[in-house]
Each structure stands twice: as C-alpha cells, then as structure tokens.
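For reference, the structure is listed below as structure tokens.
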Amino acid sequence: MDEREADALWWAWRRSCEGAELCTQVETATGPTVVVPEVVEMVLGPPTTLLVKLLPGQLIGDVRRAALRLAPHLGAAALRVQPVGRIHARIELLDADPLTGTVALQLPAAPGRVLLGRDEGARELTQDWADLAHTIVQGVTRSGKSVFTYGLLAQMAADQRITVCGIDPTGLLFRPFAGTRHAAHQVSGVADPHAYLRLLHDLVAEMDERITSLPADRDTLEVSAEAPMRLVVLEEYAGLLRTADQDKQVGKDVRVAIGRLLAEGAKAGFRVVIIVQRAEATIVGAYERAMCSLRISFRTDNQTSVELLHPGTPRELGEAHTTALPGIALLSAPGEDLTRFRAPFLGGYGAYVRAVIEACQADPDTGAAAAAA
Ligand SMILES: Nc1ncnc2c1ncn2[C@@H]1O[C@H](COP(=O)(O)OP(=O)(O)O)[C@@H](O)[C@H]1O
Ligand SMILES: [Mg+2]
C-alpha cells in the first residue's frame, strides 16, 4: 500500500469527521481532545474502503447522515456506508453517484412481492405487497412519480389477490386496464366529479362490509382472490381534488371518503397510494399525511418539501435532492433509516401498456376481453 496516500487519507478522514461533527470531545490530562471513529483497516482500491469503528453512542445512521459532508474531502463523489457487525462501518469511496444508471424491472414479479427500487448499496428494496402501507409519493413534474407507479401496477396487475382501483385524472395510468377485471373500480379523466365520488362511496361501503364480517378471531382481513386487496391509487391528487371541488359538496365528500379509507381501510385489505407534486398541507391534510407511513419523495423544489414527508432529513441531503435525476427518490418507512433509492424503469409508456395487457391476459376471467381491447 502506498504509505503516503494512506497517510493522507487517514488525515482527511480525521479532519472531515471533525468538520462534519462526527466526533466527540474527551477530557485528557493534557486538555480536551477530539476523537473520531478509528480507522481500523484501509484498502487503497479502487474501490478505496475504510473500515472504521464507531464511537460509543454512534450509529451507522450517524455516519450515513454525515456522508455528503465527508465525501468531497475524502476525494469521493459519494460514500457507500455499510454496517459490519454492531459497531463497525465499511465506507466505500465512490467516484460516481451509486444511483447513476437505470434499474430495469423484471416481469413477472416474484409472487407476492413487489420491487420498489434499488438503494445506494445496490440492495433491491423488495417487500411483500401485503405488507405495503398506505403510501404517499411526491415530486415535481417529470421527477418520476408516474414511472414509479407504472412499475408498481405492472408488477401487481397480474395477481388475482389484488385489484388496481382509484382515480386517474390524467387518463394515462388506467388506460391499459380497459376491459380487465380492474376497470370496474377505476375512474379516469376530469369530466365527471360525481364519478369520483361514486367510486369512493362504493369502496367505502365495501370496506365497511368487510369490517363488519371479519371473523370473530381476526382483526384484519386476509386478502384472497375472492376478497382481493384494493389498491386505491389517487394519481395527480391536487388535480383530482380540483376536479372534485367543481361541486363543493362533492369535494367535501371525496375528502371524507378518502379519509375513511386511510383511517380504517388497512385492516380491510385497502391500501391508498396518493401521488402529488407537493405534499403541502393545503392539498394533503396533516391527518392524511400521517396515515401514510410509506413516504417517497422524488425531486422536490426545496428542502422544505422534503421535510414535509421526511422530518429530520439532514439539510444537505434535502438540498441535494432538489437536483435529483428523474427516478431518484428518498424513502421513509417505519423503523427504517431514510433511504435514497432509484425506482425501476420498465421502458417508456408503451412498455407499461404492454406489461399491463400481458399481465391481465393471464387472467382467467377477463383475459379474452383484455386481448380484444
Ligand atoms: N426510474 C426512472 N428511471 C429512468 N428514467 C426515469 C425514471 N423515472 C422517470 N424517468 C424519466 O423521467 C420522465 C418523467 O417521469 P414521470 O414519471 O412521467 O414524471 P412525473 O409523473 O413525476 O411527472 C420519464 O418519461 C422518463 O424519461
Ligand atoms: Mg405524472
């Protein structure tokens, strides 16, 4: 190993930890001394990696939060920080953002699973769709919200235990579902606010009935092909509400129905996905926001928007996110550190349309209708 290079890196680590306040001060006989996480191993790559021992009281998240402040001073574009055991971290110096380059979406999805994206450590963020929480997705125009949603729906459309429901003012999201078993639970376009309300009332009525008929020994419904999960997607939420508000009473009732699905729906197999440019209080009430425990932000206008969904985000991360590429997002979920990830990309809109049609053709009931459409 080049000793001078190693020495320089050791110093750079020490100084940048001090600057980023990833350190503690201890009293010694000769006065106060700053201690930083000790470098216990160094590999001058590429990729160059440091194995460091966290200081008492530090967590891996503390290092991750400081990463944007540390990286440039270590001569890196970004850092990949992985836990090693309980109190060590492996820090890889990257010369490019690890989220550069698209993430392909493999279809069909593994049964019962859904891929949300890939994180900075190249880990796939997959989960059981049955464990999905109510979700809110925000981001400025052309930041990747719809593409993310296309990915979700393309993965889920084939599963008999899911119905893709909801309201799509754009008309694009649900268009490929025409003629499928899903279509009866979908409203598209902006022509008829009353249609929005009828759909939501039907969903609420079904939710109420499911809750009433829950077996005595269960507090949540087990979804099945007979009682499928209702994935209620509300695309372009601000526009949706604007359309509903053409009739004041409809606007009110639409909000009440959505509030009820959020509050009571999870145990009855309902999941709500709200897609909006900015999750500000005038559009998504604090209550609705609080009910959505999976929160995803594609590029936002400013740090304040990031704070709306991800309180406590390090300032520099929030600021950096205002220039994120399409498809790159921040994700918060209960019990997990804030995760930066890249959503999968299926190809363009045409690929989405084909994927949905194909997924629904396998459908025993409506396959023929879908093929004809
Ligand atoms: N995950 C992604 N990977 C690669 N490119 C993406 C991704 N998401 C979005 N894009 C690009 O950005 C464009 C806009 O994305 P879109 O989802 O339509 O934005 P939004 O719905 O937020 O307005 C897409 O047409 C695509 O070219
Ligand atoms: Mg969109």
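What to note about this one:
- In this structure the chain gives 48 Å² per residue of accessible area when probed at 1.4 Å with all protein chains present.
- The charge dipole of the chain, taken about its Cα centre with unit charges on the Cβ of Lys, Arg, Asp and Glu (plus for the first two, minus for the last two), comes to roughly 420 debye.
- Carbon/sulfur fraction of accessible area - the chain, other protein chains in place, 1.4 Å, %: 52
- Segment 171-223 - Rg and Dmax from Cα coordinates, angstrom: 14.6, 44
- Dividing the summed helix terms, -39500 (n - 2.57) for each DSSP H run of n ≥ 4, by the number of residues in the chain produces a 222 nm estimate of -10000 deg cm²/dmol to the nearest 500.
- A simple spin-label model places the labels of R86 and A238 4.8 nm from each other, with each point 7 Å out along Cα-to-Cβ.
- Based on Cα contacts under 8 Å between residues 6+ apart, segment 11-151 shows a relative contact order of 15 percent.
- Relative protection proxy for 333-340, 59-66, 165-172, from highest mean packing down: 165-172, 59-66, 333-340 (other beta-carbon atoms within 10 angstrom).
- Computed label-point distance, nm, for sites A96 and A281 using a 7 Å Cα→Cβ extension: 4.3
- Positive-pole candidate from I258, F270, Q246, dipole of segment 173-283, charges at beta carbon: Q246
- Whichever lysines have a C-alpha closer than 30 Å to that of K248, once near sequence neighbours (fewer than 8 apart) are set aside: K145
- Net charge of Cβ neighbours under 15 Å - reference D337; Lys, Arg +1; Asp, Glu -1: +2
- Cα-projected label distance for A205 with T30, points at 7 Å along beta-carbon direction, nm: 8.1
- Charged neighbours of F298, selected by a Cβ distance under 10 Å, balance to +3 (K, R count +1; D, E count -1).
- The percentage of C-alpha pairs in the chain whose separation is greater than 27 Å is 54%.
- Largest GNM mean-square fluctuation among S16, S332, S213, using the chain with Cα springs under 10 Å: S213.
- Signed unit charges on C-beta, dipole axis of the chain, positive-most listed residue A195, L308, G285: A195
The values are calculated or read from the model by the stated rules, or taken from the named source; none is laboratory data. Remember, predicted model here, so these are calculated numbers, not experimental data. When we count neighbours, we look across all protein chains shown, and the Cβ atoms used for this are built from the backbone with ideal geometry, even at glycine. For accessibility, only protein heavy atoms count, side chains too; no ligands or nucleic acids. Shrake-Rupley method; radii C 1.70, N 1.55, O 1.52, S 1.80 Å.
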